[in-house]
Amino acid sequence: HLECGFGGACLAVWEEERYPEGIKWKFLEHKGPVFAPPYEPLPENVKFYYDGKVMKLSTKAEEVATFFAKMLDHEYTTKEIFRKNFFKDWRKEMTSEEKSTITSLSKCDFTHMSQYFKAQSEARKQMSKEEKQKIKEENERLLKEYGYCVMDNHKERIANFKIEPPGLFRGRGNHPKMGMLKRRIMPEDIIINCSKDSKIPAPPPGHKWKEVRHDNKVTWLVSWTENIQGSIKYIMLNPSSRIKGEKDWQKYETARRLKKCVDKIRNQYREDWKSKEMKVRQRAVALYFIDKLALRAGNEKEEGETADTVGCCSLRVEHIKLHPELDGQEYVVEFDFLGKDSIRYYNKVPVEKRVFKNLQLFMENKQPEDDLFDRLNTSILNKHLQDLMEGLTAKVFRTYNASITLQQQLKELTNPDDNIPAKILSYNRANRAVAILCNHQRAPPKTFEKSMMNLQSKIDAKKEQLADARRELKSAKADAKVRRDEKSKKSVESKKKAVQRIEEQLMKLEVQATDREENKQIALGTSKLNYLDPRISVAWCKKWGIPIEKIYNKTQREKFAWAIDMAEEDYEF
DNA sequence: AGTTAGACTTAGTAAAACAGTA
DNA sequence: TACTGTTTTACTAAGTCTAACT
């Protein structure tokens, strides 16, 4: 309570009990995962052709073939790496006979299979209401049975209780493993984690779990090893759960602690730009980028295992260009690299002279593919940060800068005289400033142009409606002047109201248009969900009388329940 | 100090659900 | 009621960071 400043009255779920260091729970009971439905072989009449001739595939080979057939319309089935990886893995599933016959992917004809799946999905769309209802009910039953667990004294929602079905791997960007077969996960691959005194979930009949363990130092319920990267996948709780909410709260508290010492840290790294030690200078310049530009830390990645993307510490010489002068500004650094998810980061930033000179130094005698910060990695950087503040790591700067930006922008942009839609536009703009800072992008929605046109025609229609209403008001006024009776006075009043109402509607539409246009390629969700201290938003809503539902939908309100409960209108990040 | 496994957060996209309208 | 555009949810890949190990 001292920490949250909430006083003794709060007995919210997320802070009712403190565990000793590292202990995550005392009791954990769940039903285990839901497996992907077994493969259903194609009907006899759906054919696969090799080299122009019908060929009946073994069940295993057929299953993998259907994965490819389902993706046929996608551009990546034309990519060489995808095809090569797919074919290699597909051949592993073939019988020796199939292997000797099928030697070239380009001779494979999946079009009939593809048509069949298209027809299937068409049929699914055309299903009757009753059939759809039945499916919905089945899903609800599954959720009810497997979608919840008991952790300590609470029934909690599980985030992903379904095991990922087999299919073809498609990484993002230019991924060297695209097209590889993601194998089917069996109970024998699964590790169950639950408490000893709980009812241990039963494996499907005829199967066994790989292991059942009782580790209360971790939060996951189920894990398995995935075959593409060999990494571990987990089933964990929903963001609305106590265990996630508490962690989220902690994250923002760490960022708030950074707020208290960020000036000192900034002074420190500016000093370090002058250090005799190259390692210290590199660390200081990198930290400056992380702080100023909200770059990610940039761990090393194994070459050939993933797409070639970088973060701050892994920047290479080829990713920046130095301009002593550009467009009337001095010491401009031009960044151009692929970050997480192969999203391009492109930015031209004027920097301080010392930073610029240091960068020139770091780049001396290097090839484009050499590391910019050759004496630095995330581990060195984070160790240093740890010394500056307990719990400080590179990512805290992103959280801190995102949240502080939201708070500043809200202060700056909110106009007390605005109505609610206009205030919400201001909120979205503040949110947008953060999304731009963090480089959260999205592909422009496929229907974007069309939807803008629709909105514009709505606006035009509304304008005409407004003009009509005004004309009517005018004539009613004239009429009232002549007649001077109650009835015509009343008519003027109601016409006035009508004009007002339409004006408001028009304004709302125009605001919506602006908002949408500005948002074309920017994704607000990621920052809202992961970087913005929700208490800032809650406080803002309280201060301006905006219903919280206008800012957070149901899921978001569940995730941020702790903040909605905690924050008052005077909350300061 | 470097390497790797493990656990957890952050990320964009596709599918599903919903809401508004013809 | 069917359709269409928008919002929400599901999905799972791709990061960060710690700790154990060498």
Inset, instruction - Might you let me know whether the range A:473-490 holds any residue that is assigned to a helix (DSSP H, G or I), small (Gly, Ala, Ser), away from DNA strand B (no atom under 16 Å from the Cβ) and at pLDDT 95 or above? - result: no
Inset, instruction - Would you check which residues across the range A:337-359 are outside any strand (DSSP E or B), within 19 Å of A:Leu376 (Cα to Cα) and without any contact (Cβ under 8 Å) to a residue 40 or more places away in the chain and list them? - result: A:Phe356, A:Lys357
Legend entry - Single match in A:Glu318, A:Glu334, A:Glu330, A:Glu325 (criterion: part of a strand (DSSP E or B), more than 16 Å from DNA strand B (Cβ to nearest atom), of a type in the set (Asp, Glu) and within 14 Å of A:Met363 (Cβ to Cβ)): A:Glu334
Legend entry - Residue, nearest to A:Arg344 (Cα to Cα), within the range A:446-468, restricted to residues that are surrounded by 14 or more Cβ atoms within 10 Å (Cβ to Cβ) and within 12 Å of DNA strand B (Cβ to nearest atom): A:Leu455
Legend entry - Index of the failed condition, A:Asn238 passing every other in (1) touching a Phe, Trp or Tyr at 6+ places or on another chain (Cβ under 8 Å); (2) near DNA strand C (Cβ under 9 Å from one of its atoms); (3) under 26 Å from A:Ala563 (Cα atoms); (4) not aliphatic (A, V, I, L, M): (1)
Inset, instruction - Filter the range A:128-177 down to residues that are touching a residue at least 60 places away in the same chain (Cβ under 8 Å), within 14 Å of DNA strand B (Cβ to nearest atom) and of a type in the set (A, V, I, L, M), then give me how many there are. - result: 5
Legend entry - Where a residue in the range A:293-314 is touching a residue at least 12 places away in the same chain (Cβ under 8 Å) and on the phi > 0 side of the Ramachandran plot and its partner, wherever it lies, is assigned to a loop (DSSP other than H, G, I, E, B) and near DNA strand C (Cβ under 6 Å from one of its atoms), with Cβ under 6 Å and at least six apart: A:Gly298/A:Gly311
Legend entry - Number of the condition not met by A:Arg375 [criteria: (1) buried (at least 16 other Cβ atoms within 10 Å of the Cβ); (2) near DNA strand B (Cβ under 10 Å from one of its atoms); (3) not in a helix (DSSP H, G or I)]: (1)
Inset, instruction - Taking the residues in the range A:215-230 that are in contact with a strand residue (DSSP E or B) (Cβ under 7 Å, 6 or more places away or on another chain) and free of Cβ contacts under 8 Å to residues at least 40 places away in the same chain as candidates, determine which candidate is nearest to A:Asn553 (Cα to Cα). - result: A:Trp220
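I'm trying to understand the selection: among the residues of the range A:183-210, which are in contact with a strand residue (DSSP E or B) (Cβ under 7 Å, 6 or more places away or on another chain) and exposed (fewer than 12 other Cβ atoms within 10 Å of the Cβ)?
Once the filter is applied, which keeps residues that are in contact with a strand residue (DSSP E or B) (Cβ under 7 Å, 6 or more places away or on another chain) and exposed (fewer than 12 other Cβ atoms within 10 Å of the Cβ), the range A:183-210 yields only A:Lys199.
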Legend entry - Condition met for A:Lys118 (at pLDDT 95 or above, surrounded by 12 or more Cβ atoms within 10 Å (Cβ to Cβ) and within 30 Å of A:Ser342 (Cβ to Cβ)): no
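Per-residue answers, yes or no, for (1) closer than 21 Å to A:Gln408 by Cβ; (2) in contact with a Pro (Cβ under 6 Å, 6 or more places away or on another chain); (3) of a type in the set (A, V, I, L, M):
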position: A:Glu504; (1), (2), (3): no, no, no
position: A:Gln512; (1), (2), (3): no, no, no
position: A:Glu518; (1), (2), (3): yes, no, no
position: A:Ile522; (1), (2), (3): yes, no, yes
position: A:Ser527; (1), (2), (3): yes, no, no
position: A:Tyr531; (1), (2), (3): yes, no, no
position: A:Ile536; (1), (2), (3): yes, no, yes
position: A:Trp540; (1), (2), (3): yes, no, no
Legend entry - Test result for A:Ser426, under 27 Å from the mean Cα position of the chain (by Cα), surrounded by 12 or more Cβ atoms within 10 Å (Cβ to Cβ) and at pLDDT below 90: no
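Among the residues of the range A:178-212, what is the count of those that are more than 31 Å from the chain's Cα centre (by Cα) and touching a residue at least 12 places away in the same chain (Cβ under 8 Å)?
Number satisfying all stated conditions: 17.
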Legend entry - Restricting the range A:378-408 to residues that are among the basic types (Lys, Arg) and either part of a loop (DSSP other than H, G, I, E, B) or in contact (Cβ under 8 Å) with a residue 40 or more places away in the chain (or both), the residue that is surrounded by the most Cβ atoms within 10 Å (Cβ to Cβ): A:Arg398
Legend entry - Residue check, A:Lys450 within 14 Å of DNA strand C (Cβ to nearest atom), farther than 17 Å from A:Leu425 by Cα, out of contact with any helix residue (DSSP H, G or I) (no Cβ under 8 Å at 6 or more places or on another chain) and without any contact (Cβ under 8 Å) to a residue 60 or more places away in the chain: yes
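The values are calculated or read from the model by the stated rules, or taken from the named source; none is laboratory data. Just so you know, these numbers come straight off a predicted model, no measurement behind them. Every residue, glycine as well, gets a Cβ built from its backbone with ideal geometry; the counts of neighbours run over all protein chains shown.
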